[in-house]
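Reviewing the structure listed below.
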Amino acid sequence: DEIADMARALKSFVIAQQQTEAELRKSLQSLRSAHKIARLGSCERDSVKKRWKWSEGFYDIIGYSTEELSPSEENFWKLVHTEDIEMMRQYFHQLGTSNVMHENQFKLITKNSGVRIVQASWKEASLNGDDSYNQSGNFQDITERKIIEDELLRIRKLESVGVLAGGIAHDFNNLLTGILGNLSLVERMLRPDEKALSMLKLAKSASIKARDLTAKLLTFADGGELTTSSVDLAVIMDDIVRIAITSDEID
């Protein structure tokens, strides 16, 4: 009976251990999946012996398999973008033994010659033995985030330009209103046969075109939709030629 009880207890223990192992494997798989989704990876570096360890997540970022590229000092520097090599060398040199995390951003070259931007957190700790690594880094691939941030920055700049254009357009529109008003008054004062009347009409036409352009600037500044329409190029060229001829006659 005692042997039977011991056998049952041992069987229960084995089953419990198997369940625990299965749960741990499931948790590990979930953690790996989360790392892939978050584009996380890590590295460890022995700054004395120049030995490296790269995590599975780091390999996912650079696009290589463990068989294609081994973790080494030479291969790491091959992965660092040429623009950031000097910065990274100085960074490793300046890392202290304070156990404080230091953050930086740099670019990695992937297997297909692409560029990935990573946010890195580095920490240096004292060596405890031959197999200890005293510089460890955690990486997150933030390439897509940087693209979005750059696009948002571009949009903000466009918004600033829009505000500036709106202010200029309003002031210019006020000036054009005064110019067009005075041109209309002068036009009424001239006789139909006076030569200056044709030049006055050209100036009025040009002012109206400038007013239309100002309206487009105001539309852009207000974030409205621009509309397109067909134009007669012959009419536009005719206006340009007449303005040029009139300018030559005045000279």
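The values are calculated or read from the model by the stated rules, or taken from the named source; none is laboratory data. From a predicted model like this one, the values you see are computed outputs, not experimental measurements. Virtual Cβ from ideal backbone geometry, glycine too; neighbours counted across all protein chains shown. The protein model used for the area step is the full one, side chains on, heavy atoms only, and it has no ligands, DNA or RNA in it. Shrake-Rupley method; radii C 1.70, N 1.55, O 1.52, S 1.80 Å.
Does region 43-74 hold any residues that are hydroxyl-bearing (Ser, Thr, Tyr) and surrounded by 17 or more Cβ atoms within 10 Å (Cβ to Cβ), and which are they? Matches in region 43-74: Ser55, Tyr59, Tyr64. Ser113 meets each of the listed conditions (1) modelled with pLDDT of 90 or more; (2) assigned to a loop (DSSP other than H, G, I, E, B); (3) open to solvent by 30 Å² or more (accessible area, probe 1.4 Å); (4) on the phi < 0 side of the Ramachandran plot apart from (4).
Table: residues versus (1) assigned to a loop (DSSP other than H, G, I, E, B); (2) open to solvent by 60 Å² or more (accessible area, probe 1.4 Å); (3) modelled with pLDDT of 90 or more.
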site	(1), (2), (3)
Phe76	no, no, yes
Val100	yes, yes, no
Val118	no, no, yes
Asn128	yes, yes, no
Val163	no, yes, no
Asn174	no, yes, no
Gly178	no, no, no
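Right, Glu83: under 24 Å from Lys146 (Cβ atoms), of a type in the set (Asp, Glu), open to solvent by 30 Å² or more (accessible area, probe 1.4 Å) and modelled with pLDDT under 90 or not? No; evaluated as a whole, the condition is false for this residue.
Being of a type in the set (S, T, N, Q) and open to solvent by 50 Å² or more (accessible area, probe 1.4 Å) is the filter here, so list the residues in region 180-191 that pass it. Across region 180-191, the qualifying residue is only Asn182. Taken over region 72-91, the residue count meeting the criterion of being touching a Phe, Trp or Tyr at 6+ places or on another chain (Cβ under 8 Å) and within 17 Å of Trp122 (Cα to Cα) is 8.
Only a single item in (1) out of contact with any strand residue (DSSP E or B) (no Cβ under 6 Å at 6 or more places or on another chain); (2) at pLDDT 85 or above; (3) not hydroxyl-bearing (Ser, Thr, Tyr) is not met by Ala7, and it is number (2). Of all residues in region 187-202, those that are within 24 Å of Val235 (Cβ to Cβ) have Cβ atoms under 6 Å from Cβ atoms of residues that are part of a helix (DSSP H, G or I) and of a type in the set (Asp, Glu), 6 or more apart or on another chain, in Leu200/Glu187. Of the residues making up region 136-148, those that are open to solvent by less than 80 Å² (accessible area, probe 1.4 Å) and in a helix (DSSP H, G or I) number 2.
Going by what's in this entry, would Glu194 be described as part of a loop (DSSP other than H, G, I, E, B) and open to solvent by less than 80 Å² (accessible area, probe 1.4 Å)? Spelling it out, Glu194 is indeed part of a loop (DSSP other than H, G, I, E, B) and open to solvent by less than 80 Å² (accessible area, probe 1.4 Å).
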